[in-house]
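K.L.:
Got a structure for you, written out below as structure tokens; questions coming shortly.
The values are calculated or read from the model by the stated rules, or taken from the named source; none is laboratory data. Everything numeric in this text was worked out from a predicted model, so none of it was measured. As a convention, Cβ positions derive from the backbone with ideal geometry for all residues, glycine included, and neighbour counts pool all protein chains shown.
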Amino acid sequence: MLPIDADNLKLVKYPDPLLHTPCAQVTEFGPELEALARSMIGMMYKSRGVGLAGPQIGLGQMIFVANPDGQPSECEKAYINPVILEQDGQEVIEEGCLSLPGINCRVKRATLVRIRAQDVQGNTFEETGAGLLARIFQHEIDHLHGILLSDKMSPVARLANRRTLRELEERHEQATGKPSDE
Ligand SMILES: [Zn+2]
């Protein structure tokens, strides 16, 4: 049994500590995981994202979904227990995150990334992503290790985004009654 309701996903936002908690390996594959992946893909489109990772729906397990097209197409896919095998190249591009609404910052990432992952049935596969897909792989795998876009910000970017970060922190404090540790 998954610890969350796949039919009723909620987006977890900064500075919720769940986003900074490294995920555990997925060990159970099959129909339940497949249904979850389908819900995550639906939520990704609804939120106008190109990727969504487990911690962003409050699930501390190594799963992310992605589609660089940003709308239903044959490129939509779920990646379970992904690891980066190789990476190459480097570019700095502005990036956003569904868990950090209103924040954009430039992040240096590899331009070519080869990963190994499992599908929802547990079959292992390898895939090479270039350009945007390579960036999505790195961003989502960061999420699975508890690393956020805000952790990648330069001091200048942090300063430029400080008001939005502060607003998100205040909203979190109001919702939980807890001060954020960010
Ligand atoms: Zn993100």
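K.L.:
Considering every residue within the stretch 67-74, establish whether at least one is in a loop (DSSP other than H, G, I, E, B), within 16 Å of the ligand (Cβ to nearest atom) and either of a type in the set (Ser, Thr, Tyr) or in contact with a strand residue (DSSP E or B) (Cβ under 8 Å, 6 or more places away or on another chain) (or both).
P.N.:
Yes, the stretch 67-74 contains at least one residue that is in a loop (DSSP other than H, G, I, E, B), within 16 Å of the ligand (Cβ to nearest atom) and either of a type in the set (Ser, Thr, Tyr) or in contact with a strand residue (DSSP E or B) (Cβ under 8 Å, 6 or more places away or on another chain) (or both).
K.L.:
Something else now. Could you check how many residues of the stretch 10-50 are more than 12 Å from the chain's Cα centre (by Cα), aliphatic (A, V, I, L, M) and part of a loop (DSSP other than H, G, I, E, B)?
P.N.:
1
K.L.:
Right, here's the next one. For the stretch 153-163, check the following and say yes or no: at least one residue is within 12 Å of the ligand (Cβ to nearest atom), at pLDDT below 95 and of a type outside the set (S, T, N, Q).
P.N.:
The answer is no; no qualifying residue exists.
K.L.:
Now, a different point. Please identify the pairs in which a residue from the stretch 51-64 that is touching a residue at least 24 places away in the same chain (Cβ under 8 Å) and part of a helix (DSSP H, G or I) has its Cβ atom under 7 Å from the Cβ atom of a residue that is buried (at least 24 other Cβ atoms within 10 Å of the Cβ) and small (Gly, Ala, Ser), counting only partners at least 6 apart or on another chain.
P.N.:
Gln56/Ser99
K.L.:
Only residues that are touching a residue at least 40 places away in the same chain (Cβ under 8 Å), exposed (fewer than 14 other Cβ atoms within 10 Å of the Cβ) and β-branched (Val, Ile, Thr): list them for the stretch 1-36, please.
P.N.:
Matches in the stretch 1-36: Thr21 only.
K.L.:
Would you pick out the residues in the stretch 90-109 that are farther than 30 Å from Phe29 by Cα, among the polar types (S, T, N, Q) and within 16 Å of the ligand (Cβ to nearest atom)?
P.N.:
The answer is Asn104, and nothing else.
K.L.:
Could you give me the residue pairs with C-beta distances under 7 Å whose first residue belongs to the stretch 163-182 and is under 14 Å from Pro17 (Cβ atoms), whose second residue is aromatic (Phe, Trp, Tyr) and at pLDDT 90 or above wherever it lies, and which are 6+ apart or on separate chains?
P.N.:
Leu168/Tyr14
K.L.:
Filter the stretch 24-45 for residues that are hydroxyl-bearing (Ser, Thr, Tyr) and under 14 Å from Gly58 (Cα atoms) and give the result.
P.N.:
If the condition is that a residue be hydroxyl-bearing (Ser, Thr, Tyr) and under 14 Å from Gly58 (Cα atoms), then Ser39 is the only one that fits.
K.L.:
Continuing with this model, one more query. Any chance the stretch 76-89 includes a residue that's within 13 Å of the ligand (Cβ to nearest atom), free of Cβ contacts under 8 Å to residues at least 60 places away in the same chain and surrounded by 16 or more Cβ atoms within 10 Å (Cβ to Cβ)?
P.N.:
No, there is no match, as no residue in the stretch 76-89 is within 13 Å of the ligand (Cβ to nearest atom), free of Cβ contacts under 8 Å to residues at least 60 places away in the same chain and surrounded by 16 or more Cβ atoms within 10 Å (Cβ to Cβ).
K.L.:
Mind checking which residues of the stretch 123-144 are surrounded by 13 or more Cβ atoms within 10 Å (Cβ to Cβ) and either farther than 18 Å from Glu76 by Cβ or touching a Phe, Trp or Tyr at 6+ places or on another chain (Cβ under 6 Å) (or both)?
P.N.:
Selection gives Gly129, Gln138, Glu140, Asp142, Leu144.
K.L.:
Sticking with this one: Restricting to the stretch 120-144, name every residue that is under 20 Å from Pro22 (Cα atoms) and without any contact (Cβ under 8 Å) to a residue 60 or more places away in the chain.
P.N.:
Once the filter is applied, which keeps residues that are under 20 Å from Pro22 (Cα atoms) and without any contact (Cβ under 8 Å) to a residue 60 or more places away in the chain, the stretch 120-144 yields Arg135, Gln138, Asp142.
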